[in-house]
Amino acid sequence: MTPLVELNCKYYSPSYYDDELTVTATVSKLTPARVMFSYEVFRDNNMEKPICTGYTVHAIVNKDMKPINTKKLFPEIYEAMEKMMN
């Protein structure tokens with residue numbers, strides 16, 4: 001489980017009802033017990049300038065909501081997330 005610990009969002013320009021949007025997400029920071037994802041939102045007709053950027057930080061916990069060491073318990077998942085880092 002990965003409950004949300006922190007959220008940040010900056011808006012640069014609005015999107016409108018008929019806009020088609022692309023959201024990119026990357027793993028920007030990783031520890032055995034936490035992961036940070038960074039996001040950018042673009043209008044499909046302008047992929048050079050994001051209309052919004054942000055990040056979320058998630059804890060990695062077991063079903064009892066206790067932090068776990070993903071690197072030890074799930075090394076294949078940890079390795080896959082490491083490969084996704086920018």
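Just so it is clear, none of the values below were taken in a lab; they were calculated from the coordinates. Only a predicted model underlies this, so the values are computations on that prediction, with no experimental measurement involved. All Cβ positions, even for glycine, are placed from backbone atoms using ideal geometry, and neighbour counts span all protein chains on display.
What is the ratio of the Cα radius of gyration of the chain to 2.2 N^0.38 Å, where N is its residue count, to two decimals?
Details: Rg = 15.5 Å, N = 86, 2.2 N^0.38 = 12.0 Å.
Compared with the compact-globule rule of thumb, the chain sits at 1.30.
As a test, work out the antiparallel percent of DSSP beta bridges whose residues both lie in the chain, rounded to the nearest 5.
Details: 27 of 28 bridges.
The antiparallel fraction comes to roughly 95 percent.
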Along the charge dipole of the chain, Cβ charges K/R +1 and D/E -1, which of C52, M85, T24 sits furthest on the positive end? M85
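Distance cut-off 24 Å, Cα to Cα: go down the list K10/K72; K29/K72; K10/K83; K10/K49 and report the pairs above it. Kindly include the intermediate steps, with their values, before the conclusion.
Working: K10/K72 35 Å; K29/K72 18 Å; K10/K83 26 Å; K10/K49 13 Å.
Among K10/K72; K29/K72; K10/K83; K10/K49, the Cα-Cα distance tops 24 Å for K10/K72; K10/K83.
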Distance in nm between N69 and V57 label points, each 7 Å along Cα→Cβ, equals 2.1
Dipole magnitude of the chain, debye to nearest 20 (Cβ charges: Lys/Arg +1, Asp/Glu -1, about Cα centre): 540
Return the whole-Å distance between the Cα centroid of segment 66-85 and the Cα centroid of segment 1-51. 22
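Subtract the Cα-Cα distance of I77 and N8 from 0.36 nm times their separation in residues, and report this length gain in nm to one decimal.
Working: separation 69, 0.36 × 69 = 24.84 nm, distance 2.50 nm.
Stretched out fully, the I77 to N8 stretch lengthens by 22.3 nm.
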